[in-house]
Each structure stands twice: as structure tokens, then as C-alpha cells.
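Report on the following structure.
The values are calculated or read from the model by the stated rules, or taken from the named source; none is laboratory data. Note that the structure is a prediction, hence the values are computed from the model and not measured. Methodologically, a virtual Cβ is constructed for each residue, glycine included, from the backbone with ideal geometry; neighbour enumeration extends over all protein chains shown. Just the protein is used for accessible areas: all its heavy atoms, side chains included, with ligands, DNA and RNA removed. Shrake-Rupley method; radii C 1.70, N 1.55, O 1.52, S 1.80 Å.
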Amino acid sequence: MEILVTGGTGYIGSHTVVELLQAGHSVVIADNLCHSDRSVLDGIRAITGQIPVFYETDCCDRAALDRLFQRHPKLDAVIHFAALKAVNESELLPLAYYANNLGALVTLLQAMQAHRVNQIVFSSSCTVYGTPGNPPVTEQSPIQPATSPYGATKQMCERILQDAVHADPSLSATALRYFNPIGAHESGLIGEKPQGVPQNLLPYVTETAAGIRRELRIFGNDYPTPDGTCIRDFIHVSDLARAHVCALEHMRHVPAGWRTYNIGTGRGTSVRELVDTFIRTTGASVPFRYEARRPGDIGQIWADPSLAERELGWKSVKTLEETLLSAWRWQQHITNLEK
Ligand code: NAD
Ligand code: UFG
């Protein structure tokens, strides 16, 4: 298949491009490079021996998308990663988040409709479940009020897709609700490159281990969990990337329509467990101290990913240890490049 990957030079997008190329698909990337850079294409080439077609294109730019679809009239499907994703930043810049995340999806869907491309896989998030009841969460767990403008954009995008599918019976849209993607490609050649101080846990851990940050602050050790720290479902980014290939394959064999799947491991790991496992498997040192809870954090969440296993034939296979080692390999790679 020929697939358009928006946001394809970003963290999850680049790993998905690798999986798509290795599965024999052709890839066209559209990314405006607001949160990634072209050097990612070199990493993709080093891993796969192939360099995907790349357009520096903003998905809110309808004319640019039209030109892209005209130049690639055989596109079969789109995987839409392009979005702004920082929860804190979305509180400060809500309009930028609504304009970009909603604007990009609506513009893309209009362009797809005009060029008769009718399959889309959308990057959603477990954030749509808000503060859920007892984990694990299934796709039937209620959608709760969003706790940030970012989370609201994911809920609204899902609604936009549902409405578009309702109005156009030839359209197929699958939303993958990611839990906590972490780690890097096993080659250590592509990975997550946070801009400035990392907001997410594992990049902060690896930067602390690399001596870039003095110490990790663990936000809260008074949650009602066995060790008092929050519990998340951390999933290796390459496992997550593979889920997109499975979702595309599945779409070809089922009637058009709207579908959602949880993409997680089905295991909860506490923040403290993650830090301890990182120290044990890498041998690196990670000084840390406990701090007050971070506002907005939920105590525990993990996925019931059994629907994805049953319908998409997908499940995560990487261990937490492999995942943490891959992140450490990537951190060492970027630290060496910056020396
Ligand atoms: P990322 O920031 O690394 O990648 C996003 C890419 O999209 C970047 O390369 C950026 O330059 C590009 N982009 C943003 N707006 C664009 C636009 N208007 N036009 C073209 N390109 C644009 O983020 P990621 O972690 O790879 O996330 C990918 C998707 O997965 C996002 O939709 C995100 O909301 C979603 N998601 C991420 C996580 C996570 O923890 N990383 C969790 C759940 C969902
Ligand atoms: N944490 C720390 N110290 C840090 C960073 C994080 O203790 O320096 C803790 C947090 O308090 C939380 C856990 O580590 O308990 C995980 O935090 P992350 O920021 O890594 O991840 P979140 O679960 O808060 O959110 C992430 C993405 C969201 C996405 C969500 C679900 O940032 O965009 O996963 O996919 F919506």
C-alpha cells in the first residue's frame, strides 16, 4: 500500500514509518517540522535502507495538501500523527492547540474526501478516558471530561471522525488510543527528542542518567498504589508503531466504519518501579527525590488491550527491560552527537 504519514518525522511517526517500510509499504511523509527535524530521515534510511518521500507541509494548509494528493494519486490510506502534544503547554496556548490539532484533522479529511482517499488511522490517547474508575480500561469505559485543552482536542478529533464516518459510508476511521509510549528503535538511531526540559518521565530519567539533569523529581508518593507512586501502562514505541500497520491491514478486510482500540501492554508499572528497573538494567545512576503530586495527574491507569489482540491481531511483545535499554541507547547516541 502507499500510505501518507502526517507527522512522520516525529517520535511515534518515525518509528511507524520504519515499520511500514519494513512491511513493504511505500510511504509519503507530510510534516511541518515544528517539532522534529529532517535528520530523522537519515535515521530512517540507516535502519531501512530506504528514504521516504518527504514534504515540509502544514496539514492546516489545504492547497499544499491538494498538491500532495495530486502528486500521489495512488495513496491508499493516511496515518495522522501531526499534532501538538504537550499537556502543560496546551493550558497556556489553548487556541494554538485547537487551531492546529482540529484544523489539521478537518483540513486533512476534506482533502482526503476531495481526492477519494477513504482510510485513516488517527493517533488518539488514553487521556480521553479522563480519570477512569478501576483499571484496566476497556474501549467501553466512559469518555470523561477532558482535563486539558490537549485532551479536549483528542476527544473532539474522535468526534469529528465519527461524524465524518456517519456522513460518508465509504470512510473508514480507526482511532488508536495510546497509553504511555516510551523507548526508541532498537538500533538507537531514532527516538524521542524533547525540546528543552522533558515533561515526560522517561526522557527525564535518561537525561538525569546522562548527567544533563541533576536529579529526577518523582511527583507524589502518596497515591493509593502499592509504592505510593503513579501507575502507567508504558509501551515500547516500536510495538505501538506496529499497531498502525496491523490497523491498516485490518481496514482492508472489514466494512468501512469507525473503530477504536486501546494500545497498551495491559500491565501497570509504577513510576518508582520504572526508575528502579532502569537503574538495574542499565547500571546507570539516577538520583531522585519525591516531590508533591503534579496537578492533573491521575493515580493509576492501564489498558485492557484485548480488543486490539482479537481484532487487529496485535499485541505488545517487548519487555520493560528491553524498552528501557532502548531509551538509554538512544540517549547515549544523542549525547554523543551533541559532544
Ligand atoms: P511529536 O511531536 O514527536 O510528533 C508530531 C509531529 O507532528 C512533529 O514532527 C511535528 O513537527 C508535526 N506536526 C505538528 N503539527 C503539524 C501540522 N499542523 N502539520 C504538519 N506537521 C505537524 O509527537 P509524538 O509523540 O510522535 O505524537 C504523535 C501523535 O501521537 C500526536 O497526535 C500525539 O498527540 C499522539 N499521542 C502521543 C503520545 C505520547 O505520549 N507521545 C500519547 C498519546 C497520543
Ligand atoms: N513524572 C515524574 N517526574 C517527571 C515526569 C513525570 O514523577 O519528571 C510522573 C508523572 O507525575 C506521572 C508519570 O511520571 O505520574 C508519567 O508521566 P508522563 O508525563 O510521562 O506521562 P502522563 O501519563 O502524564 O501523560 C502521557 C502524555 C500525554 C498522554 C498520556 C496518555 O504526556 O500526552 O501519556 O497517553 F495523553
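Let me confirm the definition first: pairs of Lys residues in the chain, 8 or more apart or on different chains, C-alpha distance under 24 Å. How many are there? Intermediate values should be presented prior to the final figure.
Numbers: K85/K154; K85/K193; K154/K193; K154/K315; K193/K318; K193/K339.
So the count works out to 6.
Could you sort 33-39, 124-130, 310-316 so that the peptide with the highest average Cβ count within 10 Å comes first and the rest follow in order? Kindly include the intermediate steps, with their values, before the conclusion.
Working: 33-39: 13.7, 124-130: 22.0, 310-316: 17.9.
My ranking of the peptides, most packed first, is 124-130, 310-316, 33-39.
Based only on the alpha carbon positions, what is the Kirkwood hydrodynamic radius of the stretch 224-264, in angstrom? All intermediate terms of the calculation are to be shown ahead of the outcome.
Details: mean 1/r = 0.0781 Å⁻¹.
Its Kirkwood hydrodynamic radius stands at 12.8 Å.
Keeping every protein chain present and rolling a 1.4 Å probe, give me the accessible area per residue for the chain in Å². Display every interim value, and only then the final one.
Values: 14720 Å² over 339 residues.
For the chain, the per-residue accessible area is 43 Å².
Please pull out the direction-averaged projected area of the chain, using the convex hull of its alpha-carbon atoms, in nm² to one decimal place.
Numbers: hull surface 64.0 nm².
For the chain, averaging the hull's shadow over all directions gives 16.0 nm².
What 222 nm value per residue comes from the helices of the chain, counting each DSSP H run with n ≥ 4 as -39,500 (n - 2.57) and dividing by all residues, nearest 500 deg cm²/dmol? All intermediate terms of the calculation are to be shown ahead of the outcome.
Working: 11 runs with 128 residues, N = 339.
Counting only the DSSP helices, I get -11500 deg cm²/dmol.
Over the alpha-carbon set of the stretch 109-233, work out the extent along each principal axis and list the three values in angstrom, largest first.
Result for the stretch 109-233: principal-axis Cα extents of 53, 38, 26 Å.
Can you give the Rg and Dmax of the stretch 45-150 based on its C-alpha atoms, in angstrom?
My reading of the Cα-based Rg and Dmax gives 16.9, 49 Å.
Modelling each spin label as a point 7 Å along the Cα-to-Cβ direction, I'd like the D66/Q140 distance in nm, to one decimal.
4.6
Using a 1.4 Å probe on the protein chains only, how many percent of the accessible area of the chain belongs to carbon and sulfur? Could the numbers behind the result be given before it?
Working: 7340 of 14720 Å².
Roughly 50 percent, rounded to a whole number.
Peptides 96-104, 221-229: what's the order by average Cβ count within 10 Å, highest mean first? Mind showing how you got there, number by number?
On the way: 96-104: 18.9, 221-229: 15.1.
Averaged packing, sorted descending, gives the order 96-104, 221-229.
Which value, in Å³ per residue, describes the convex hull spanned by the Cα atoms of the stretch 208-289?
On the way: hull volume 11.6 nm³, N = 82.
Convex hull of Cα atoms, per residue: 142 Å³.
Radius of gyration and Dmax for the stretch 14-105's Cα atoms, expressed in Å?
14.4, 42
If you plug each phi of the stretch 316-322 into the Karplus form 6.51 cos²θ - 1.76 cosθ + 1.60 with θ = phi - 60°, what whole-Hz ³J(HN,Hα) values come out, in order, with x for Gly and Pro?
6, 10, 7, 7, 4, 4, 4
Per-residue counts of other Cβ atoms within 10 Å, averaged by peptide: what ranking do you get for 237-248, 49-60, highest first? Provide the component values of the computation, followed by the final result.
Details: 237-248: 24.3, 49-60: 17.4.
Going from most to least packed, we get 237-248, 49-60.
Dipole of the chain (Lys/Arg Cβ +1, Asp/Glu Cβ -1, origin at the Cα centre): which of Y223, I3, I143 lies farthest to the positive side?
I3
At most 11 other Cβ atoms within 10 Å and a DSSP loop assignment: could you name the chymotrypsin sites (Phe, Trp or Tyr not before Pro) in the stretch 145-190 that fit? Please list the in-between numbers first.
On the way: sites: Y150, Y178, F179; in loops: F179.
Sites meeting the loop and neighbour criteria: none at all.
How tilted is helix 103-114 with respect to the longest principal axis of the chain? Cα atoms for both, answer in degrees (0 to 90, nearest 10).
That works out to roughly 30 degrees.
What does DSSP give for the stretch 139-293 in terms of the percent of beta bridges that are antiparallel, rounded to the nearest 5? Provide the component values of the computation, followed by the final result.
Numbers: 2 of 15 bridges.
Bridges in the stretch 139-293 are about 15 percent antiparallel.
Compute the distance from the alpha-carbon center of the stretch 1-78 to that of the stretch 144-208, in whole Å.
Here the two parts' Cα centres lie 17 Å apart.
Of all DSSP beta bridges in the chain, what percent run antiparallel (nearest 5)?
Percent antiparallel among DSSP bridges in the chain is about 5.
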